[in-house]
1. Val50 fails exactly one of the following numbered conditions: (1) of a type in the set (Val, Ile, Thr); (2) surrounded by 12 or more Cβ atoms within 10 Å (Cβ to Cβ); (3) under 26 Å from Gln76 (Cβ atoms). What is the number of that condition?
2. Can you run down the residue pairs with Cβ atoms below 8 Å, 6 or more apart or on separate chains, where the first is in the stretch 2-28 and over 19 Å from Trp57 (Cα atoms) and modelled with pLDDT of 90 or more and the partner is part of a helix (DSSP H, G or I) and open to solvent by less than 70 Å² (accessible area, probe 1.4 Å)?
3. Are any residues in the stretch 24-44 assigned to a helix (DSSP H, G or I) and more than 14 Å from the chain's Cα centre (by Cα), and if so, which ones?
4. Report yes if Leu69 is modelled with pLDDT of 90 or more, loosely packed, with under 14 Cβ neighbours inside 10 Å, out of contact with any Pro (no Cβ under 7 Å at 6 or more places or on another chain) and not polar (S, T, N, Q), otherwise no.
5. Do we have any residue at all in the stretch 1-9 that's of a type in the set (A, V, I, L, M) and surrounded by 11 or more Cβ atoms within 10 Å (Cβ to Cβ)?
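The values are calculated or read from the model by the stated rules, or taken from the named source; none is laboratory data. Computed from a predicted structure; not experimentally measured. With ideal geometry, Cβ positions are generated from the backbone for all residues, glycine too; neighbour counts draw on all protein chains shown. Side chains are part of the model used for accessible areas, which takes the heavy atoms of the whole protein and leaves out ligands, DNA and RNA. Shrake-Rupley method; radii C 1.70, N 1.55, O 1.52, S 1.80 Å.
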Amino acid sequence: QKGVQSEGHRQRVRANKAIFIQATLICVFNVVSSLEYVYMNFFPPTPTLVEIGHLCWQLSHGAPPYIYLLLNKTVQEGCRLKTNNSKT
């Protein structure tokens, strides 16, 4: 039937959506910190702007593992298997 989607198609759409969300979250921190540092090259920044830039730079390097652990089922399963194997 034309309007009925297969289960495989729905799973691919769900997987693509999860990957898109992960990539978007990671890229947001990179883009904000990059724009911040470019801005600071041309204009005198306020202390608040400097703090936001540093925070975004730190998050762009430290947030991806947490984003993967929260949103990526493959990473979650791998961690679950590693922790279960180490206990036995």
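1. Evaluating Val50 over (1) of a type in the set (Val, Ile, Thr); (2) surrounded by 12 or more Cβ atoms within 10 Å (Cβ to Cβ); (3) under 26 Å from Gln76 (Cβ atoms) leaves (3) as the failure.
2. From the stretch 2-28, the pairs are Ile21/Leu71.
3. Initial filter on the stretch 24-44 (assigned to a helix (DSSP H, G or I)): 24-42.
Selection gives Ser33, Ser34, Leu35, Glu36, Tyr37, Val38, Tyr39, Met40, Asn41, Phe42.
4. Values: modelled with pLDDT of 90 or more: yes; loosely packed, with under 14 Cβ neighbours inside 10 Å: yes; out of contact with any Pro (no Cβ under 7 Å at 6 or more places or on another chain): yes; not polar (S, T, N, Q): yes.
It is true that Leu69 is modelled with pLDDT of 90 or more, loosely packed, with under 14 Cβ neighbours inside 10 Å, out of contact with any Pro (no Cβ under 7 Å at 6 or more places or on another chain) and not polar (S, T, N, Q).
5. The first filter runs over the stretch 1-9 and keeps only residues of a type in the set (A, V, I, L, M), leaving 4.
Cutting the leftovers down to surrounded by 11 or more Cβ atoms within 10 Å (Cβ to Cβ) gives us none.
No: zero hits.
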